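A.B. asks: Provided herewith is a single structure, encoded as structure tokens, for subsequent inquiry.
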Amino acid sequence: MADAVIVVALLLVALSATAAVAVRDPARQALVLSVLGLVLAVLFTVLQAPDVALSQLAVGSALTPLLLLLAVHKVRRRGKKEGHHR
């Protein structure tokens, strides 16, 4: 039973990582990266590493996507401002 849960968690990681690479829009990539972080946290919990799972949950599914979304927003806003000056 435990092996089946690990296999399912690994398949979910593979699917979400592939989706993160396949998505072209940076804002959507950040959201898919957040899902990947959640799935990795589940995998680490299944593998009995709760400390790593909590770290992954905080950094991989919350902070990193948030920073990416903020960066994308700032770049798009700066691009719009420069476009009006021409």
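A.B. asks: For the Cα atoms of the chain, what angle does the longest principal axis make with the long axis of helix 26-46, in degrees from 0 to 90, nearest 10?
C.D. replies: 20 degrees
A.B. asks: Another question about this same structure. Listing THR18, THR45 from the residue with the fewest other Cβ atoms within 10 Å to the one with the most, what is the order?
C.D. replies: THR18, THR45
A.B. asks: Between helix 64-84 and the chain, what is the angle of the helix's C-alpha long axis to the longest principal axis, kept within 0 to 90° and rounded to the nearest 10?
C.D. replies: Taking Cα atoms only, the helix is inclined about 20 degrees.
A.B. asks: Still on this structure, I have one more. If each DSSP helix of 4+ residues adds -39,500 (n - 2.57) and the sum is divided by the residues in the chain, what number results at 222 nm, nearest 500 deg cm²/dmol?
C.D. replies: Values: 4 runs with 69 residues, N = 86.
Computed ellipticity for the chain at 222 nm equals -27000 deg cm²/dmol.
A.B. asks: Compute the projected area of the convex hull of the Cα atoms of segment 1-58, averaged over all viewing directions, and report it in nm² to one decimal place.
C.D. replies: Approximately 3.7 nm², given one-decimal rounding.
A.B. asks: Label ALA62 and ALA4 with points 7 Å out from Cα along Cα→Cβ: what is the distance between them in nm?
C.D. replies: 3.3 nm
Values in this text are rule-based calculations from the coordinates and carry no lab data. Computed from a prediction, not measured in an experiment: that's the story for all the values here. So basically every Cβ, Gly included, is an ideal-geometry build from the backbone, and we count neighbours across all protein chains shown.
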